[in-house]
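Each remark here refers to the structure printed beneath this line.
The values are calculated or read from the model by the stated rules, or taken from the named source; none is laboratory data. Fair warning: this is a prediction, and the values are worked out from it, not measured in the lab. Every residue, glycine among them, receives a Cβ derived from its backbone with ideal geometry; neighbour counts consider all protein chains shown.
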Amino acid sequence: MQGKARSRYAARAGRLTQVKSAAPQPLTFAACVRQSNRQENEMRIGDICEREVVHCTRHASVAEIAKLMRNHHVGDVIVVEAQGADLIPVGIVTDRDLVVEVLAPEVAIDTVVAQDLMSGELATMSEDETVDNAIAHMRSRGVRRLPVVNVRRALVGVLTDHEVTAHLAEQLGELARLGHQQIAVEKAWLNPVAG
């Protein structure tokens, strides 16, 4: 009986060897994770940022900014200056800025313009930067929104925590699928179909 079991195992091992040599080697789970991480690290923020950016000038009123936010269903408006055909981001006004700086202290809204609500130096990122760098930049600056610029420093998009979260969720979904694929491959190795 042991001889038969041994010969079945040897025959099965032979089929496994044939299957392995006939097909390309599947990646191990760890290799799949490394490949997924490498792909995500190479993902550029220009690929995931929102390209339709709501913007205004430094002199836009609070009422104009609030209407832009409402009409476009956004929580921020990028303040820009025109340089030729390019729009250069110089600031950002968020819905929180309107509430904390204008509405809560009951400031007369007709006395405030976008320039009054802009904070110090604006954090921007090049569209060629990686998602990982953008996350680190957002974390270090304590911001949830980043204007995205091209090589001329012109506004081309905005990256928010929503786009980053959606991208990471997609990457995690890919990682979960890789795990299931690896299990299926291992099952196929262990239980080959009789030829």
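Odds and ends about this structure:
- Residues satisfying the criterion are present in region 91-113 (criterion: within 17 Å of T57 (Cβ to Cβ), surrounded by fewer than 14 Cβ atoms within 10 Å (Cβ to Cβ) and of a type in the set (D, E, K, R)).
- With respect to being under 19 Å from D76 (Cβ atoms) and at pLDDT 95 or above, M125 fits the description.
- Among the numbered conditions (1) surrounded by fewer than 17 Cβ atoms within 10 Å (Cβ to Cβ); (2) under 19 Å from H137 (Cα atoms); (3) not aromatic (F, W, Y), the only one that G179 does not meet is (2).
- Every residue from region 137-164 that is over 14 Å from M43 (Cβ atoms) and assigned to a helix (DSSP H, G or I): H137, M138, R139, S140, R141, D161, H162
- Top-ranked residue of region 134-146 - restricted to ones that are among the charged types (D, E, K, R) and more than 16 Å from H167 (Cα to Cα), ranked as surrounded by the fewest Cβ atoms within 10 Å (Cβ to Cβ): R139
- Top-ranked residue in region 147-164 [being modelled with pLDDT under 95 and surrounded by 15 or more Cβ atoms within 10 Å (Cβ to Cβ); ranked as nearest to E81 (Cα to Cα)]: T160
- As a summary of the residue check, A114 satisfies the conditions (1) within 17 Å of G46 (Cα to Cα); (2) touching a Lys or Arg at 6+ places or on another chain (Cβ under 7 Å) except for the one numbered (1).
So that you can scan it fast, the table gives a plain yes or no per residue for (1) under 21 Å from H162 (Cβ atoms); (2) in contact (Cβ under 8 Å) with a residue 40 or more places away in the chain; (3) assigned to a loop (DSSP other than H, G, I, E, B); (4) among the aliphatic types (A, V, I, L, M):
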site	(1), (2), (3), (4)
I92	yes, yes, no, yes
R96	yes, no, no, no
E101	no, no, no, no
V107	no, no, yes, yes
D110	no, yes, no, no
Q115	no, yes, no, no
G120	no, no, yes, no
A123	yes, no, yes, yes
D132	yes, yes, no, no
